[in-house]
Each structure stands twice: as structure tokens, then as C-alpha cells.
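*Asks:* Take a look at this one; I'll ask things after.
Values in this text are rule-based calculations from the coordinates and carry no lab data. Predicted model, so just to flag it, every value in this text is computed and none were measured. Neighbour counts are summed over all protein chains in view; Cβ atoms, including those assigned to glycine, are modelled from backbone coordinates with ideal geometry.
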Amino acid sequence: MSEIFDRAVQFAVVETFENMTFMEVIPRLPEGEEPILLEPQGELLPVTDPVKGSFWLFLPKDLLVVIAENVYVMETTEIDQQILQDTLAELLNTIAGKIMQEALPEDQLFSLGLPQSAQKVEANPDEMMQRWFFEIQENLFFVGFTGKTLPC
Amino acid sequence: MGKKVLIIDDSNTMRKIISRSLRQAGLEFETILEAGDGQIALDMLNQEKPDIILSDINMPNMNGIEFLKQKAANDSIKDIPVVMITTESGNDIITEAMNLGAKGSIKKPFTPDQVQSTLGGLI
């Protein structure tokens, strides 16, 4: 566990959602049973430097639709899967970049891959997995990281 | 005549977010042009002459750095100011962009105030 990384994740997620979607985000500690996201929509983003790993973002579909409606200023019926996936990818791309900027020393370079759709979080046997939960309008979602080690 | 802006980003979502941030920053553009990569932008610039260009760096087909190089070599468009929008780490790539003629940069996620302070003096 890394307090620096925890703070970076929380800051990045709150900043990204507030500035990109104008929605308030509240960090949440999961209590009791594993939270279940309804119709989870997932995306992963590889990290290639300074460590090898992946960021993950999973939102319940209803929440992602609301976010896309806000961003695109469209009715629900006009929001298709391509728009949802693009919205998810851009959110994760921005969150991941911000996390790395906040967590790493200022002169430390980092490199991220291209986002891709994901059905569930997957970690290799020799990798750790950590998730951070958040809430928007009583909808839970999470950001995850998998890899042999955290970036910091 | 109203002002024009060209937004270059391979993400449709990000182009929409940038458009909205421009409005919330109080920067009113009569025309907002959009291009999915540098090559599409160059083709568009044969016909359109925006007052300012906002460009992502990492894009397929032609990235933001290559776009800057091609733009600098074209007398009809080389003087249009460009601001880079990026999640990139470090200053190397931003320095490279500035050396190729970019007038500034904004890191994602950005606030309307950051958009206003970076673009306000360029248009």
C-alpha cells in the first residue's frame, strides 16, 4: 500500500470528473460484501514505464450514460455504445495521466499505452491488484491498478 | 466575422469537452471545427483558416508533433497559433512542441480558468 499513490488516485479521480463532467465525486471505502456494479462498463489502460501494469476503470452503465449525456448534450436514445466506450476511454486516459503526474517525482517520465475495452479486472498470478472506490450520485464505481508493483 | 477554432483530437469525447470548456471560459467562437488527427486537420486547413488551433499530441495517423512540423512548412497556415492539450509527462515533449511553434500547452484535466488564461491572449 502506498499513501502517496492512494492520495494521487483520489485527487486524480475527483479532479477529472469535476473538470470533465462537472459531477461531484466522493471517495468510498467498500464495506461488508464486495460491491456489485450493475451492467459494468470497463476499460483498461496499460502502463509501460516506469513500471509495467494496467489501470482499470469500471462504471455502472446507467452512470456512464448520464456522464455521456452531460458531455455530448444528447438524449439517452442518441447515446450509442461507441459514445459510451469513447467516454470511458477518455476518462481513464485522463485519470491515469493525472495519477502518474501526482504520484511520481516531477522529473520522472512515464509512458501509457492505448485504452481498450475490458470485461473484468484481470491480474497475472505474480501481480498485485488494488481498487479504489468512489461514488457519484449514489452510484459506486472504481479505479484499479494491477502490476508487479505500484508505480511509487 | 466571428472567430473560428480548430480542435484536433482523436477522441470525440475530448473534442466535446474542449468545446464546452471554451464556452465556459467565455471564449465565444462562431465556428468550431473538429479533426480526428493531424492529417485530417491539414486537409481541413486547405479550406479553412481558424483563428486558433487546439491539438492533442498522441493521435493515430499523424500526431500533434508531426502536425506542427507540417504546419510550420506551409506558409498559408504557419502563423495560426497552436496550443497543445496533453496528458504527457515531463517537459520534453512540450518543449519540442514549443520549439516547433506551439504557443502554449494545457494539461488534462483542465478547468475553464486554465483555458481562459492560456488562450485568452492568443485570440
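*Asks:* If you place +1 on the Cβ of every Lys and Arg, -1 on the Cβ of every Asp and Glu, and leave all else neutral, what size is the dipole of chain A about its Cα centre, to the nearest 20 Debye?
*Replies:* Dipole about the Cα centre, nearest 20: 440 debye.
*Asks:* Related question: Angle check, please: helix A:81-103 long axis (alpha carbons) against the longest principal axis of chain A (alpha carbons), in degrees 0 to 90, nearest 10.
*Replies:* Taking Cα atoms only, the helix is inclined about 30 degrees.
*Asks:* Determine the dipole magnitude for chain B: charges of +1 sit on the beta-carbon of Lys and Arg, -1 on that of Asp and Glu, nothing else is charged, the reference point is the Cα centre, and the result goes in debye to the nearest 20.
*Replies:* Dipole of chain B, to the nearest 20 debye: 300 debye.
*Asks:* Which loop-located trypsin sites (Lys or Arg not before Pro) does the range B:39-101 contain, where loop means any DSSP state but H, G, I, E or B and the Cβ has at most 16 other Cβ atoms within 10 Å?
*Replies:* Counting only loop positions with at most 16 other Cβ atoms within 10 Å, the trypsin sites (Lys or Arg not before Pro) in the range B:39-101 are B:78.
*Asks:* Under the Karplus relation 6.51 cos²θ - 1.76 cosθ + 1.60, θ = phi - 60°, what is the ordered set of whole-Hz ³J(HN,Hα) values for the range B:54-63, x standing for Gly and Pro?
*Replies:* Per residue, the Karplus-derived 3J(HN,Hα) values read 10, 9, 5, 9, 7, 9, x, 6, 9, 7 Hz.
*Asks:* What list of ³J(HN,Hα) values in whole Hz, one per residue of the range A:38-48 in order, does the Karplus curve 6.51 cos²θ - 1.76 cosθ + 1.60 (θ = phi - 60°) give from phi, with Gly and Pro shown as x?
*Replies:* 6, 6, x, 10, x, 9, 10, 9, x, 10, 10
*Asks:* For residue A:28, which sequence-distant residues (separation of 5 or more, or a different chain) have an amide H within less than 5 Å of its own amide H, given hydrogens modelled in the peptide plane?
*Replies:* For residue A:28, the qualifying residues are A:133, A:134, A:135.
*Asks:* Residues of A:98-104, mean number of Cβ from any other protein chain within 10 Å of their own Cβ, rounded to a whole number? Before the final figure, lay out each step's value.
*Replies:* On the way: counts 4, 0, 2, 6, 0, 0, 2.
So the per-residue partner count for this stretch is 2.
*Asks:* Using a ≥ b ≥ c from the Cα gyration tensor of the range B:5-111 (square roots of the eigenvalues), is it rounded, prolate or oblate, where a/c under 1.5 gives rounded and otherwise the larger of a/b and b/c decides, a/b for prolate?
*Replies:* The shape class here is rounded.
*Asks:* List every residue whose amide H lies under 5 Å from the amide H of residue B:11, counting only residues 5 or more places away in sequence or on a different chain, with H placed 1.01 Å from N in the peptide plane.
*Replies:* none
*Asks:* Moving on to the next point. Kindly put A:20, B:62, B:44 in sequence by how many other C-beta atoms sit within 10 Å of each C-beta, fewest to most.
*Replies:* Sorted ascending by nearby Cβ count, the order is B:44, B:62, A:20.
*Asks:* Please identify the GluC sites (Glu not before Pro) of the range A:1-82 that satisfy two criteria: DSSP loop assignment and at most 10 other Cβ atoms within 10 Å. Which are they?
*Replies:* Taking the range A:1-82 and a limit of 10 other Cβ atoms within 10 Å, the loop GluC sites (Glu not before Pro) found are A:31, A:33, A:75.
*Asks:* Quickly work out the residue A:69-to-residue B:30 label distance, labels modelled 7 Å from Cα along the C-beta direction, and quote it in nm with one decimal.
*Replies:* 3.5 nm
*Asks:* Would you mind getting me the FRET efficiency between residue A:122 and residue A:23? Use the beta-carbon distance for r and R0 = 25 Å, nearest 0.05.
*Replies:* 0.35
*Asks:* Just how large is the dipole of the protein assembly as shown about the Cα centre, in debye to the nearest 20, putting +1 at every Lys and Arg Cβ and -1 at every Asp and Glu Cβ? Display every interim value, and only then the final one.
*Replies:* On the way: 21 positive and 43 negative charges, 136 e Å.
With only Lys, Arg, Asp and Glu charged at Cβ, the dipole is about 660 debye.
*Asks:* Taking the Kirkwood radius as the inverse of the mean 1/r across Cα pairs, report the Rg/Rh of the protein assembly as shown. It would help to have the intermediate numbers written out before the result.
*Replies:* Values: Rg = 19.0 Å, Rh = 19.4 Å.
So for the protein assembly as shown, dividing Rg by the Kirkwood Rh gives 0.98.
*Asks:* Continuing with this model, one more query. Enumerate the calculated ³J(HN,Hα) couplings along the range A:67-78 in order (Karplus 6.51 cos²θ - 1.76 cosθ + 1.60, θ = phi - 60°), each rounded to whole Hz, writing x wherever the residue is Gly or Pro.
*Replies:* Each residue's phi maps through the Karplus curve to give 4, 5, 4, 5, 6, 8, 6, 10, 6, 3, 5, 8 Hz.
*Asks:* Sticking with this one: Using a cut-off of 23 Å between alpha-carbon atoms, which lysines can reach residue B:4, once sequence neighbours fewer than 8 places away in the same chain are excluded?
*Replies:* B:16, B:49, B:69, B:71, B:78, B:103, B:107, B:108
*Asks:* Check which residues have an amide H placed less than 5 Å from residue A:41's amide H, if you skip close sequence neighbours.
*Replies:* When sequence neighbours closer than 5 places are left aside, the close amide H contacts are A:59, A:61.
*Asks:* When only DSSP loop residues count, what GluC sites (Glu not before Pro) in the range A:109-152 have their Cβ near at most 15 other Cβ atoms within 10 Å? Spell out each step's value before the answer.
*Replies:* On the way: sites: A:122, A:127, A:135, A:138; in loops: A:122, A:127, A:138.
For GluC sites (Glu not before Pro) across the range A:109-152 that sit outside H, G, I, E and B with at most 15 neighbouring Cβ atoms in 10 Å, the list reads A:122, A:127, A:138.
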